[in-house]
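I have placed the structure first, in the form of structure tokens, so that the comments after it can refer back to it.
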Amino acid sequence: MSDKKRIFATSRIGEPAENRLRQNGYELEVFQGPEAPPKKLIIEKVKSGIDALVTTLRDPIDAEIFEAGKGSLKVVAQIAVGFDNINRADANKYKIPFTNTADVLTEATAEFGFFMMGMLARKMYQSERLVRDQKWPSWHPFLPFLGDEVTGKTIAIIGTGRIGLAMIKKCSGFDMNMLCYDPAYHNEKYVASIQELMDLRHARGIQKEKTWIKYVDFEEALKGADYVSIHVPLLREGETDKPTYHLINEKTLALMKPTAYLVNSSRGPVVDEKALAAALKNKIIAGAALDVFEKEPLPADSPLLDPEIADRARLFHHFASGAQITRLSVDPDKGMAGRTAQAVIDVLEGNYGGDPAGMPYVVNKEAFEEK
Ligand code: GLV
């Protein structure tokens with residue numbers, strides 16, 4: 001057997017980043033997909049003594065995997081910012097660092113959230129269908145339908161982490177008012193800076209109306225918004241004192257205006273899909289754009305696929321970060337693939353003094369910090 005360090009990747013991460021790992025002297029085996037490998041295969045590979053495991057959000061990573069890697073597995077590198085598929089407590093118990101790809105997908109994800117919102121509200125899908133299906137009879141002031149503007153409206157930003165803040169930045173360019181809510185952390189400085197920018201735009205005549213941004217509680221955010229955009233991580237009961245699982249449910253949907261739209265580019269289980277489908281059907285809210293689902297790919301029997309709500313539900317294939325540079329650049333400051341490769345290299349080469357707590361892309365630093 002060669003003495004090269006070995007990596008197993010549960011998916012391709014693109015040629016440039018794969019080459020970087022190989023050029024670094026590692027033996028890289030890649031599951032060719034396109035689906036995720038069965039967990040059994042991941043366990044088998046980990047048991048065979050690999051040094052690093054590259055994962056996607058489709059792979060359940062828990063004690064079974066860490067146990068299989070005891071004494072050999074040194075890092076789990078996830079090509080995603082979200083890591084709800086990785087059991088953090090288990091990783092900590094086995095003292096295995098795991099990494100994610102925060103930052104590099106922030107702008108791409110936020111812009112996709114913004115575009116989904118626009119597509120939904122301005123009925124772009126219906127408009128294109130009309131043209132393609134040759135059902136466009138004539139230009140008319142309001143027939144066969146109208147959309148709703150985004151400009152000048154109020155948006156609730158649920159979750160003001162990196163992506164929520166990037167969404168705020170984009171919305172401020174569209175003269176939107178903003179109701180911010182975050183269950184854990186308030187970035188008052190950012191919000192104050194956006195207010196300054198808004199005031200300056202108004203003072204210089206760049207925007208006609210004065211606009212505002214403020215932190216409010218969850219209920220006020222839902223009640224006051226024309227658009228509600230979700231940017232929280234998925235946290236289940238038992239993982240935190242502020243779980244986000246089914247944060248949007250029958251009760252919270254009922255707080256929204258009947259004319260309001262929901263946009264979710266975070267994680268599917270943050271929204272109770274059954275409740276959402278019912279709310280769309282009963283016109284409790286006006287529409288929803290979803291990039292993520294409770295179960296992915298979306299099952300054929302999902303209530304969200306009900307033809308009766310097709311005009312109100314825009315559905316995408318977990319695609320928000322799916323842009324060329326964001327996904328594939330080998331530069332760790334630009335691409336998820338590059339960041340994943342660098343995260344593996346940091347651990348396997350013992351960069352940062354070999355201390356995972358000092359490595360920028362390690363998530364579970366707490367497992368390595370001096371108590
Ligand atoms: C995608 O959903 C990610 O978490 O990167």
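The values are calculated or read from the model by the stated rules, or taken from the named source; none is laboratory data. Just so you know, these numbers come straight off a predicted model, no measurement behind them. Backbone-built Cβ (ideal geometry, glycine too); neighbour counts: all protein chains shown.
So, in the stretch 74-85, of the ones that are surrounded by 22 or more Cβ atoms within 10 Å (Cβ to Cβ) and closer than 18 Å to Lys47 by Cα, which residue ends up nearest to the ligand (Cβ to nearest atom)?
Ranking the qualifying residues of the stretch 74-85, first place goes to Ala77.
Restricting attention to the stretch 292-325, which residues are assigned to a loop (DSSP other than H, G, I, E, B), exposed (fewer than 15 other Cβ atoms within 10 Å of the Cβ) and within 16 Å of the ligand (Cβ to nearest atom)?
Matches in the stretch 292-325: Lys295, Glu296, Pro297, His317, Phe319.
Report every pair of residues separated by at least 6 positions or lying on different chains whose Cβ atoms are under 6 Å apart, first residue within the stretch 278-300 and assigned by TED's automatic domain parsing to the domain that holds Met256 and touching a residue at least 24 places away in the same chain (Cβ under 8 Å), second within 16 Å of the ligand (Cβ to nearest atom) and in a helix (DSSP H, G or I).
Once the first residue is assigned by TED's automatic domain parsing to the domain that holds Met256 and touching a residue at least 24 places away in the same chain (Cβ under 8 Å) and sits in the stretch 278-300, its partners that are within 16 Å of the ligand (Cβ to nearest atom) and in a helix (DSSP H, G or I) give Ala289/Met116; Val292/Gly268; Phe293/Gly268; Glu294/Gly268; Glu294/Pro269.
Yes/no per residue for (1) in the same structural domain as Gly118 (by TED's automatic domain parsing); (2) within 22 Å of Asp291 (Cα to Cα); (3) of a type in the set (Phe, Trp, Tyr); (4) free of Cβ contacts under 8 Å to residues at least 24 places away in the same chain:
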residue: Gly161; (1), (2), (3), (4): yes, yes, no, no
residue: Asn177; (1), (2), (3), (4): yes, no, no, no
residue: Ile206; (1), (2), (3), (4): yes, no, no, yes
residue: His231; (1), (2), (3), (4): yes, yes, no, no
residue: Gly238; (1), (2), (3), (4): yes, no, no, yes
residue: Leu247; (1), (2), (3), (4): yes, yes, no, no
residue: Val263; (1), (2), (3), (4): yes, yes, no, no
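Does the stretch 102-137 hold any residues that are aliphatic (A, V, I, L, M) and either crowded, with 23+ Cβ neighbours inside 10 Å or under 28 Å from Gln78 (Cα atoms) (or both), and which are they?
Answer for the stretch 102-137, where residues must be aliphatic (A, V, I, L, M) and either crowded, with 23+ Cβ neighbours inside 10 Å or under 28 Å from Gln78 (Cα atoms) (or both): Ala102, Val104, Leu105, Ala108, Ala110, Met116, Met117, Leu120.
In this structure, is Pro269 within 16 Å of the ligand (Cβ to nearest atom) and either of a type in the set (Ser, Thr, Tyr) or in contact with an Asp or Glu (Cβ under 9 Å, 6 or more places away or on another chain) (or both)?
Against the criterion (within 16 Å of the ligand (Cβ to nearest atom) and either of a type in the set (Ser, Thr, Tyr) or in contact with an Asp or Glu (Cβ under 9 Å, 6 or more places away or on another chain) (or both)), Pro269 qualifies.
So which of Val330, Val292, Val263, Val362 ends up being of a type in the set (Val, Ile, Thr), under 22 Å from the mean Cα position of the chain (by Cα) and closer than 19 Å to Arg122 by Cα?
The match here is Val263.
Could you figure out which of (1) more than 21 Å from Lys93 (Cα to Cα); (2) under 19 Å from the mean Cα position of the chain (by Cα) isn't true of Asn351?
In the conditions (1) more than 21 Å from Lys93 (Cα to Cα); (2) under 19 Å from the mean Cα position of the chain (by Cα), Asn351 misses (2) alone.
Quick check on the stretch 199-211. Is at least one of its residues of a type in the set (Asp, Glu) and surrounded by fewer than 17 Cβ atoms within 10 Å (Cβ to Cβ)?
For the stretch 199-211, residues of a type in the set (Asp, Glu) and surrounded by fewer than 17 Cβ atoms within 10 Å (Cβ to Cβ): present.
Take the stretch 244-267 and flag every residue that is β-branched (Val, Ile, Thr) and part of a loop (DSSP other than H, G, I, E, B).
Across the stretch 244-267, the qualifying residues are Thr244, Thr259.
Working only within the stretch 49-70, note down all residues that are within 16 Å of the ligand (Cβ to nearest atom), closer than 16 Å to Arg88 by Cβ and crowded, with 19+ Cβ neighbours inside 10 Å.
Thr55, Leu57, Asp59, Ile61
Can you find, within the stretch 140-189, the residue that is surrounded by the most Cβ atoms within 10 Å (Cβ to Cβ) among those that are among the acidic types (Asp, Glu) and under 22 Å from Thr259 (Cβ atoms)?
Filtering the stretch 140-189 for residues that are among the acidic types (Asp, Glu) and under 22 Å from Thr259 (Cβ atoms), the one surrounded by the most Cβ atoms within 10 Å (Cβ to Cβ) comes out as Asp175.
Can you tell me which condition Ile42 does not meet? The list is (1) over 23 Å from the mean Cα position of the chain (by Cα); (2) surrounded by fewer than 13 Cβ atoms within 10 Å (Cβ to Cβ); (3) within 12 Å of Asp59 (Cα to Cα); (4) not hydroxyl-bearing (Ser, Thr, Tyr), and all the others hold.
Failed condition: (2).
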